[in-house]
Amino acid sequence: MRDQPRLPLLSRIPDLVWVSVDTVAALLLAAGFLGLIHWRNPVPPGLLDFAVALATSLPLAVRRRWPRAVFAVVLAGGLGMQEFLIPHADPFGLPLVLYTLATRRRAVPELLVAVAVTLHGVVELPLGSQSLDHVGLVPAIVVAAWSTGTAVRQRRLYTEQLAAQAEERARTEAARERLRIARELHDVIGHGLSTIAVQAGVERHVGDPEEMRRTLGSIEETSRSALRETRRLLGVLRDDGPADLTPAPGLADLDDLVAKTRAAGLDVELRVNGEVQGEMELTVYRIVQEALTNVLRHAMAGRATVLIERRDEELVVEVADDGGNARERPYGHGLTGLRERVRAFGGEFEAGVRPVRGFQVRARLPL
């Protein structure tokens, strides 16, 4: 599974740090504006002068919490501060709060208003060379602040989309893994319990002590084998210790599988003419295992044939029996799981009644 996308570095800084930085910046800007009022005002500043200086600066401390309200207050305060600024526009507070707005929403109307107010302050008729410089510089600062905020907002949206996609992939992979483990457990436990049930039923009718001993030994071995495979599957789910690294069963284990099935009373003929590796080998084993399990459970058959053969560029797996109640054979979760396994390799799966007698399972797996 791919790593989760990490948020940008600035987004991982705590909010309290940003509030502290904004507060310090607002206080410094307020001190600067109050100094300008005293320095550039030919008469002692009045209450209104102090109000516009503080309105243009102090609200920046809460610009992240109430950006639209702060924008309106700073915009109004900047209009009153124009007489004390050169050029006659706020190049600090207004671009900063416009940047904050652009990181939250598109803020196109706010951009137009900010540019209009800025031009109102810097345009003086007749236009001189200094006025032309101001006309280009100050609105450019405003537009640059808005553009930067828009880029940050788009970056955040992109990161959120990546995170959502990664989460969806994780959920899909987890669901696929749960389905795989469920199929494995069904095949392992289903085959083991079915074999044990058949052998236990036969044991009730066996009078020979030696035959009874062999039957009980077979039940014991089947139980141990099912337990080992169950532990292997459950081991991958544990977080507090190493998983059981017992290898998954493959074609080499078919002889043992057939021997256990024969011990349960079903005569099985195994013919193998082909080799596979990896996950496909486990799939072939599970097809044979589930098919033989169904024969033991439902078929009342005396004989089954297992054929594994390579034909051109595909591997054919067939399991057929001579059972007498094939038409009543259910299509349960086991065959559904086999069909899903085969389709995962792009193959074809069939299961149905044979023309004369019995039931047949066939899978074709491309190589």
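The values are calculated or read from the model by the stated rules, or taken from the named source; none is laboratory data. Quantities reported herein were computed from a predicted structural model and do not represent experimental measurements. Backbone-built Cβ (ideal geometry, glycine too); neighbour counts: all protein chains shown. All accessible areas refer to the heavy atoms of the entire protein, side chains included, with ligands and DNA or RNA removed. Shrake-Rupley method; radii C 1.70, N 1.55, O 1.52, S 1.80 Å.
Miscellaneous remarks
- Gain on full stretching of the segment that runs from Val43 to Ala116 - 0.36 nm per residue minus C-alpha separation: 23.3 nm
- Label-to-label distance, nm, for residues given as Ala164 and Val353 (7 Å Cα→Cβ offset): 5.2
- Positive contributions from Lys and Arg (+1) and negative ones from Asp and Glu (-1), summed over other residues with Cβ under 9 Å from the Cβ of Arg364, come out at -1.
- Trypsin sites (Lys or Arg not before Pro) lying in DSSP loop within the range 274-317, provided at most 16 other Cβ fall within 10 Å: none
- Peptide ranges 50-58, 155-163 listed from the most packed, as the mean C-beta count within 10 angstrom indicates: 50-58, 155-163
- Rounded to two decimals, the Cα radius of gyration of the range 7-84 over 2.2 N^0.38 Å is 1.26.
- Sites Arg106 and Thr336, calculated FRET efficiency, Cβ-Cβ separation with R0 51 Å, nearest 0.05: 0.55
- Over the range 269-315, the fraction of Cα-Cα pairs per 10 Å bin, rounded to whole percents and listed from the shortest bin up, is 23, 50, 24, 3.
- Here the range 258-367 exposes an accessible surface that is 43 percent carbon and sulfur, computed with a 1.4 Å probe and the other protein chains kept in place.
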